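The values are calculated or read from the model by the stated rules, or taken from the named source; none is laboratory data. As the structure is a computational prediction, the values presented were derived from the model and not from experiment. Positions of Cβ are backbone-derived with ideal geometry, glycine not excepted, and every protein chain shown enters the neighbour counts. The area values use the complete protein model at the heavy-atom level, side chains included, leaving out ligands, DNA and RNA. Shrake-Rupley method; radii C 1.70, N 1.55, O 1.52, S 1.80 Å.
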Amino acid sequence: MRVLDVTDDQDRLVVRVESVPDVAGCPVCGVVAHAHDRDEVGLVDAPSFGRPVRLVWVKRRYLCPEPDCVGGTFVERNDAVAAPRALLTTRAVRWAVQQLRREHASIAGLARQLGVDWNTLWRAVHTRLDALAGDPARFEGVTMLGVDEHVWHHVDQRVRGPKMLTGMVDLTRDENGQVKARLLDLVPGRSGAVYGDWLTRRGKRFRADVQVATLDPFHGYKNA
């Protein structure tokens with residue numbers, strides 16, 4: 001991508017960008033398409049110097065020259081910039097997730113920094129978190145496993161669900177012998193069965209890799 005211009009629009013920066021020209025094939029038939037028109041798509045980008053940023057992506061619209069193709073026209077796509085029909089850029093979603101992980105930020109606070117409402121940000125972040133949670137690669141390379149209980153809330157369980165959770169943490173040391181604790185999972189309940197079931201679901205390969213287990217001094221976890 002290359003920047004076309006940057007303007008100061010009162011409380012935010014507006015950055016207009018376009019992709020570097022390249023050969024584009026029709027997504028239906030594969031025939032080389034012709035540039036036909038331009039569409040401007042507005043996206044929310046990560047903040048810059050503490051200010052919200054609006055990214056205007058000047059997208060190329062292409063026309064398939066093949067008479068028998070049902071594709072007709074199509075607009076360029078680049079998931080590294082933004083997912084189809086997304087309101088936030090991929091970078092903005094990644095930034096928000098990092099802030100949640102490392103800075104203990106709230107969705108409300110991040111939404112203010114991005115210049116969007118709570119629901120707009122949470123929909124984008126929730127989708128990304130679901131994808132990360134479903135990626136089995138996050139359980140790879142764990143040689144030191146920690147477990148502890150976590151009190152989620154102190155109100156009626158009928159209103160907010162289970163109070164007690166079991167948390168699993170990757171405590172594996174890096175090549176310098178340093179531990180950078182990484183939360184692997186949180187599951188409802190506090191018992192040996194809860195922890196044992198979680199270990200069973202991870203599979204034999206995961207369990208075989210774990211050389212050290214650090215435990216909350218609770219008999220149920222020890223049994224698991």
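Quick one: is T200 polar (S, T, N, Q) and farther than 23 Å from H104 by Cα? Criteria met by T200. Within segment 72-86, the set of residues being crowded, with 17+ Cβ neighbours inside 10 Å and either basic (K, R) or assigned to a loop (DSSP other than H, G, I, E, B) (or both) comprises E76, V81, A82, A83, A86. The lone criterion from (1) touching a strand residue (DSSP E or B) at 6+ places or on another chain (Cβ under 7 Å); (2) more than 18 Å from R128 (Cα to Cα); (3) part of a loop (DSSP other than H, G, I, E, B) left unmet by D37 is number (3). Every condition in (1) modelled with pLDDT under 90; (2) within 26 Å of the chain's Cα centre (by Cα); (3) surrounded by 11 or more Cβ atoms within 10 Å (Cβ to Cβ) holds for H36 except the one numbered (2). In the condition set (1) of a type in the set (A, V, I, L, M, F, W, C); (2) open to solvent by less than 50 Å² (accessible area, probe 1.4 Å); (3) in a loop (DSSP other than H, G, I, E, B); (4) free of Cβ contacts under 8 Å to residues at least 60 places away in the same chain, L43 is compliant with all but (3). Scan segment 1-31 for residues that are of a type in the set (D, E, K, R), closer than 20 Å to V41 by Cβ and open to solvent by 70 Å² or more (accessible area, probe 1.4 Å) and report the count. Adding up the residues that qualify gives 3.
For segment 4-34, the set of residues classified as more than 15 Å from L114 (Cα to Cα) and part of a strand (DSSP E or B) consists of L4, D5, V6, T7, D8, R16, V17, E18, G25, V32, H34, listed by residue number.
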